[in-house]
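Engineer: The structure that follows is given in the form of C-alpha cells.
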Amino acid sequence: MRDLLTDPLWRAEDLGHAVPGAEHAVSVCLPLWEHVIGYEENDPAVVGRFACGYPRFFLHPRVRELFAVAAENFARPGETALVFPTAAAASRAAEHVRKKSGAACRIEAFGHHALAALVLPESAREPAWKRWQHGGEIVGSRQAEAALSGAEGAGEAGVAARETVRRHLAELYGQPAGNVFLFASGMAAISAVQRLLAPGSPAAQIEFPYVDTLKGLNEFGFGAREIMRSATGGVDETRALLAAGPVAGVFTELPSNPLLRTADLAALARLLTGTGAPLVVDDTVATAVNADALRHADAVTTSLTKLYSGVGDVMAGAAVVRASSPFAAEWLSALAAAESESPLYGADAVVLAKNGADFFERAGRVNAGAEALFDFLAGHPKVARLWYPKTETPDRYEAVRREGGGYGGLFSLLIADPSGARRFYDALRVTKGPSFGTHFSLASPYTLLAHYRELDWAKGRGVEPHLIRVWTGLEPAGDLIERFGEALAAA
Ligand code: PLP
C-alpha cells in the first residue's frame with residue numbers, strides 16, 4: 001500500500017484513488033477544487049473515476065453489487081432495492097420513504113445474516129437513500145462481499161473483537177463496558193441516541209454541527225432549535241428555550257465540526273438537571289483521549305471511523321452512557337436493542353480492534369504535530385482566519401480537557417480571497433478527500449463537500465463557503481510546515 005505519510009494522493013492524476021489504497025477504504029481522493037465541485041454536481045468525468053467514496057455517500061462497488069442483486073431478486077419493473085443491516089433499520093427507511101413520498105415499500109429478508117432488502121418504487125429512492133446517508137444504518141463493503149459470495153462472517157473472532165473495542169472504550173471513558181454500544185457508523189450511533197428522545201418536542205443543537213447530526217434531528221425527529229455562535233456556550237439560549245416549552249434534548253460537539261467551538265458543558269448540565277432533557281455530546285473531534293465530555297454529558301457519541309481507526313478502512317461508531325446519568329437505566333436497554341439493529345459487523349470489528357490498539361499513543365502524536373502546524377499558520381500573512389480549540393472558546397474547551405490531553409488534530413482555515421483558497425488547495429501536498437482522523441494528513445474544502453446545496457445557510461452561521469478543513473496526521477511537523485508553506489506561496 002502506498003505510504004501516504006511520504007507519498008500523499010494530491011495531484012490531478014490521483015482523482016478517484018481510494019484513500020488509503022485499500023480494498024475497503026472509506027475515503028476517495030479529490031485532489032483539485034474543481035473535482036470537489038464535479039463530485040457535488042455528480043459530473044461523470046469526476047465520479048466515474050471513483051474507486052470508492054465515503055460509504056454513507058457513495059456506494060462501494062461491493063455494496064452497489066449487493067443492491068443490484070437485491071433488485072434482481074425482489075424488485076418488479078419500476079422498482080429498485082437498497083439493502084440495510086436488519087429489518088428494523090429497513091423499516092425505519094420505509095417509514096421515512098412513506099413520510100416523504102407517500103410510497104409504500106416491501107421488506108424482504110436477504111438471506112445472509114440479518115440483511116434486509118428495502119424494495120420500493122424507483123421514483124421514491126431519494127428518501128430511502130437519505131435515510132442510508134444520514135441515519136448511518138449501512139451495510140459495509142466487507143459484509144457485502146461476504147453476502148455476495150455466501151461466505152461466513154468473522155464468527156467468534158468478530159464477537160471477541162467487538163468486546164475488545166468495547167472494553168478499550170470503557171477504559172478510556174471510565175465507564176462499565178456494558179455502557180458502551182457499538183454501531184455500523186458514527187451516524188448510526190448518533191441516530192440511535194436521537195431515537196431515545198421523548199417524542200413530540202424539538203431538540204436544541206448548540207453550535208454548528210457535523211451536517212448529518214442536524215439532518216437527523218430535522219428529518220427523522222421533531223426538529224432542532226439552532227443555537228449557533230453562542231456567547232454563553234449555549235446556556236442563555238437553552239434557558240430561554242426551556243422557559244418557552246419542552247426541549248427533547250440538547251446536542252453539541254466537543255469541539256464542533258468545522259468551527260471547533262465548545263459549549264459550556266458544566267453549566268448546561270446544571271441547567272438541564274430535572275428538566276427531562278438529556279445532554280448528548282459528540283466527541284469525535286477531541287476524542288476521549290483529549291477531553292472528558294462524560295464529566296457532564298448523559299451520553300457521548302463518537303465516530304470510530306476517524307482517529308480511533310486511523311487507517312481509514314472501516315466505518316464504526318459508539319455511544320457511551322454515563323453510569324450516573326438519570327437516563328442510564330432506561331437507555332442501557334434501549335441502546336442494547338438499537339445496537340443489534342445496526343451492529344458493527346464482525347469482520348469490521350476485527351479490523352477496528354487491530355487499528356485502535358495504539359489509539360492513545362497516536363492521539364498524542366497528532367496533538368503535537370497539529371499544534372506546531374497551527375502555530376506556523378497563525379503567523380502567516382496569507383491565512384485570514386484559523387479555527388482551532390486552542391483559540392476558539394478556549395476556556396470552555398480547557399474546562400473539559402483531560403490532564404495531558406491536547407487540542408486534537410483538526411483545524412479549519414480561511415484564505416481571504418476565494419481564488420487564493422482554490423490555488424492553495426490545489427497546490428497542497430497532502431492527501432485530499434473526505435473524512436479525518438487518518439494516520440496521514442487529510443484536507444478538504446469542507447463547506448463545499450458537506451453543504452454544497454446550502455452554502456448561504458452555512459455562511460449565515462459562520463461557515464464560509466471556501467473554508468478548508470485540515471486533519472493533521474503523523475508526518476513530522478517540519479515536513480508539514482514546509483508543505484503548507486509551499487501551498488501558501490501558491491495561494
Ligand atoms: N460526528 C462528527 C463530528 C463527524 O465529523 C462525523 C463524520 O464525519 C460523524 C459524527 C459521523 O460519523 P460516521 O461518518 O462514522 O458515520
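The values are calculated or read from the model by the stated rules, or taken from the named source; none is laboratory data. Computed from a predicted structure; not experimentally measured. As a convention, Cβ positions derive from the backbone with ideal geometry for all residues, glycine included, and neighbour counts pool all protein chains shown. With ligands, DNA and RNA removed, areas are computed over all heavy atoms of the protein, side chains included. Shrake-Rupley method; radii C 1.70, N 1.55, O 1.52, S 1.80 Å.
Engineer: For the stretch 119-141, give me each residue that is surrounded by fewer than 23 Cβ atoms within 10 Å (Cβ to Cβ) and charged (D, E, K, R).
Structural biologist: 122, 125, 126, 130
Engineer: Right, something else. Among the numbered criteria (1) surrounded by fewer than 24 Cβ atoms within 10 Å (Cβ to Cβ); (2) assigned by TED's automatic domain parsing to the domain that holds residue 210; (3) in contact with a helix residue (DSSP H, G or I) (Cβ under 7 Å, 6 or more places away or on another chain), which one does residue 372 miss?
Structural biologist: (2)
Engineer: I'd like to verify a number: residues in the stretch 121-136 that are outside any helix (DSSP H, G or I) and under 13 Å from the mean Cα position of the chain (by Cα), how many?
Structural biologist: Within the stretch 121-136, residues that are outside any helix (DSSP H, G or I) and under 13 Å from the mean Cα position of the chain (by Cα) number 1.
Engineer: Which one of these is within 15 Å of the ligand (Cβ to nearest atom), crowded, with 23+ Cβ neighbours inside 10 Å and over 18 Å from the mean Cα position of the chain (by Cα): 349, 299, 338, 318?
Structural biologist: Step by step, each of 349, 299, 338, 318 is checked, and only 338 is within 15 Å of the ligand (Cβ to nearest atom), crowded, with 23+ Cβ neighbours inside 10 Å and over 18 Å from the mean Cα position of the chain (by Cα).
Engineer: Just wondering, is there one or more residues in the stretch 233-246 that are within 16 Å of the ligand (Cβ to nearest atom) and either in contact (Cβ under 8 Å) with a residue 60 or more places away in the chain or of a type outside the set (Val, Ile, Thr) (or both)?
Structural biologist: Just the residues of the stretch 233-246 that are within 16 Å of the ligand (Cβ to nearest atom), to begin with: none.
The answer is no; no qualifying residue exists.
Engineer: Being touching a Gly at 6+ places or on another chain (Cβ under 9 Å), assigned to a helix (DSSP H, G or I), surrounded by 17 or more Cβ atoms within 10 Å (Cβ to Cβ) and touching a residue at least 12 places away in the same chain (Cβ under 8 Å): is that true of residue 89 here? It would help to see each step written out before you state the result.
Structural biologist: Working: touching a Gly at 6+ places or on another chain (Cβ under 9 Å): yes; assigned to a helix (DSSP H, G or I): yes; surrounded by 17 or more Cβ atoms within 10 Å (Cβ to Cβ): yes; touching a residue at least 12 places away in the same chain (Cβ under 8 Å): yes.
Against the criterion (touching a Gly at 6+ places or on another chain (Cβ under 9 Å), assigned to a helix (DSSP H, G or I), surrounded by 17 or more Cβ atoms within 10 Å (Cβ to Cβ) and touching a residue at least 12 places away in the same chain (Cβ under 8 Å)), residue 89 qualifies.
Engineer: Now, a different point. Just the residues that are within 16 Å of the ligand (Cβ to nearest atom), touching a residue at least 40 places away in the same chain (Cβ under 8 Å) and not polar (S, T, N, Q), please, taken from the stretch 274-289.
Structural biologist: Within the stretch 274-289, 280, 282, 285, 286, 288, 289 qualify.
Engineer: Could you tell me which numbered condition residue 379 fails, if it satisfies all but one of (1) open to solvent by 20 Å² or more (accessible area, probe 1.4 Å); (2) modelled with pLDDT of 95 or more?
Structural biologist: Unmet for residue 379, out of (1) open to solvent by 20 Å² or more (accessible area, probe 1.4 Å); (2) modelled with pLDDT of 95 or more: (2).
Engineer: Can you say whether residue 450 is closer than 16 Å to residue 485 by Cα and hydrophobic (A, V, I, L, M, F, W, C), as far as the supplied structure shows?
Structural biologist: No; evaluated as a whole, the condition is false for this residue.
Engineer: Which of (1) closer than 18 Å to residue 89 by Cβ; (2) open to solvent by less than 30 Å² (accessible area, probe 1.4 Å); (3) within 16 Å of the ligand (Cβ to nearest atom) does residue 146 not meet, given it meets every other one?
Structural biologist: Single failed check for residue 146: (3).
Engineer: Conditions: (1) in contact with a Gly (Cβ under 8 Å, 6 or more places away or on another chain); (2) open to solvent by 30 Å² or more (accessible area, probe 1.4 Å); (3) in a loop (DSSP other than H, G, I, E, B). Residue 77 meets all but one. Number of the miss?
Structural biologist: Residue 77 satisfies all of (1) in contact with a Gly (Cβ under 8 Å, 6 or more places away or on another chain); (2) open to solvent by 30 Å² or more (accessible area, probe 1.4 Å); (3) in a loop (DSSP other than H, G, I, E, B) except (1).
Engineer: Can you tell me which residue is most open to solvent (accessible area, probe 1.4 Å) among those in the stretch 382-406 that are in contact (Cβ under 8 Å) with a residue 24 or more places away in the chain and part of a helix (DSSP H, G or I)?
Structural biologist: Per the criteria, the residue is 396.
Engineer: Moving to a separate point now. If residue 262 passes every condition in (1) closer than 30 Å to residue 359 by Cβ; (2) in contact with a strand residue (DSSP E or B) (Cβ under 7 Å, 6 or more places away or on another chain) but one, which one does it miss?
Structural biologist: Residue 262 satisfies every listed condition except (2).
Engineer: Restricting attention to the stretch 164-200, and to residues there that are assigned to a loop (DSSP other than H, G, I, E, B) and surrounded by fewer than 19 Cβ atoms within 10 Å (Cβ to Cβ), which single residue is nearest to the ligand (Cβ to nearest atom)?
Structural biologist: Out of the qualifying residues, it is 195.
Engineer: Would you confirm whether any residue within the stretch 229-244 is within 30 Å of residue 141 (Cα to Cα) and buried (at least 24 other Cβ atoms within 10 Å of the Cβ)?
Structural biologist: No, the stretch 229-244 contains no residue that is within 30 Å of residue 141 (Cα to Cα) and buried (at least 24 other Cβ atoms within 10 Å of the Cβ).
Engineer: Still on this structure, please answer the following. If you check residue 465 against the conditions, is it surrounded by 21 or more Cβ atoms within 10 Å (Cβ to Cβ), part of a loop (DSSP other than H, G, I, E, B) and not hydrophobic (A, V, I, L, M, F, W, C)?
Structural biologist: No.
Here's the yes/no breakdown for (1) away from the ligand (no atom under 14 Å from the Cβ); (2) open to solvent by 40 Å² or more (accessible area, probe 1.4 Å):
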site	(1), (2)
204	yes, no
220	yes, yes
248	yes, no
257	no, no
291	no, no
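Engineer: Output yes when any residue across the stretch 331-343 is free of Cβ contacts under 8 Å to residues at least 60 places away in the same chain and in a helix (DSSP H, G or I), and no when none is.
Structural biologist: Just the residues of the stretch 331-343 that are free of Cβ contacts under 8 Å to residues at least 60 places away in the same chain, to begin with: 333, 337.
Those still in the list that are in a helix (DSSP H, G or I) too: 333, 337.
For the stretch 331-343, residues free of Cβ contacts under 8 Å to residues at least 60 places away in the same chain and in a helix (DSSP H, G or I): present.
Residue-by-condition table, conditions (1) in contact (Cβ under 8 Å) with a residue 60 or more places away in the chain; (2) under 17 Å from residue 445 (Cα atoms); (3) part of a loop (DSSP other than H, G, I, E, B); (4) touching a Lys or Arg at 6+ places or on another chain (Cβ under 7 Å):
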residue: 1; (1), (2), (3), (4): no, no, yes, no
residue: 4; (1), (2), (3), (4): yes, no, yes, no
residue: 7; (1), (2), (3), (4): no, no, yes, no
residue: 21; (1), (2), (3), (4): no, no, yes, yes
residue: 24; (1), (2), (3), (4): yes, no, yes, yes
residue: 31; (1), (2), (3), (4): yes, yes, yes, yes
residue: 38; (1), (2), (3), (4): no, yes, no, no
residue: 46; (1), (2), (3), (4): no, yes, no, no
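Engineer: Tally the residues that are in a loop (DSSP other than H, G, I, E, B) and open to solvent by less than 10 Å² (accessible area, probe 1.4 Å), restricting the search to the stretch 407-435.
Structural biologist: Of the residues in the stretch 407-435, 5 are in a loop (DSSP other than H, G, I, E, B) and open to solvent by less than 10 Å² (accessible area, probe 1.4 Å).
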